[in-house]
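Notes to accompany the following structure.
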Amino acid sequence: MSILRQISSPGTQLAVLIDPDKVSGKHLEQLAGYADQGLIDIFLVGGSLLMKDQLTETVDTLKQSSDIPVVLFPGTPSQTYNGADALLLLSLISGRNADLLIGRHVEAAPLLRQSGLEIVPTGYILIDGGRSTTVSYISNTTPIPNHKPELVVATAIAGELLGLKALYLEAGSGALHAVPTDVIKAVKSSVNIPVIVGGGIRTPEQAYARSQAGADMIVIGTAIEEHSSLTEEIAFAIREANSVNR
């Protein structure tokens, strides 16, 4: 099954975002164990700023340790490795930084075409999570206010009309507040492509609410770096939401 088809399938998928700079081998083994139990659907690998050359090692370890897809979540499109299954080709459509809308994509395009990876063109929408995050600093982008769902919806519709295949609503790693449920509902009811939600999701209750709001995929990262047992709790919350939504 293609990654895009998997994200589009009924119910909410759970993805774990792994920053190669921060993860240990022991942590990867634990996450692979959760994947074998059917608690994780997709691994995302990447970060806004990679200081160590551990991307390929991280992908290889995950591929050897589990059977679930490993998808690159690159800070720049040039952060690629054909040992993965797919790549989210992120275009920062909420900002006005031309380099992250199309510039770096042009530079990486020949490499991506030759990679053999499934490329998923994804509209990346940064939403205010209560404090400055790495992605807002690196991208020199002002997030959309989280109390302005109409701006998020208009941006999402524009992305769909431009031909993007998925949307990623992002509060940012370490955000104080997750993307509000009313924003997720508004976007989901306005577009016909999958909606991915990440940033600031730290509790099973938050994950459950965002699944109920219509998120096709929920991404967790920072929270489980601090408390790995949350993976299991959040996975069960999403399962419960999926059973209610049937």
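All of the numbers you see were taken from the coordinates with simple rules; none came from a lab. Everything quoted here is computed from the prediction, not taken from an experiment. With ideal geometry, Cβ positions are generated from the backbone for all residues, glycine too; neighbour counts draw on all protein chains shown.
Here are the numbers:
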read-out	value
Helix-only mean residue ellipticity at 222 nm for the chain, each DSSP H run of n ≥ 4 adding -39500 (n - 2.57), per residue, nearest 500	-11500 deg cm²/dmol
Part-to-part distance (alpha-carbon centres) for the range 126-166 and the range 174-221, which is given in Å	13
Estimated translational D of the chain in µm²/s (Stokes, Kirkwood radius over Cα pairs; 10 °C; 1.306 mPa s)	90
FRET efficiency, 1/(1 + (r/R0)^6) with R0 41 Å, evaluated for residue 114 and residue 182 via beta carbons	0.45
Residue-by-residue Karplus 3J(HN,Hα) for the range 13-23, coefficients 6.51, -1.76, 1.60, Hz, glycine and proline x	8, 10, 10, 10, 8, 10, 8, x, 6, 10, 8
Cα-projected label distance for residue 236 with residue 24, points at 7 Å along beta-carbon direction, nm	2.5
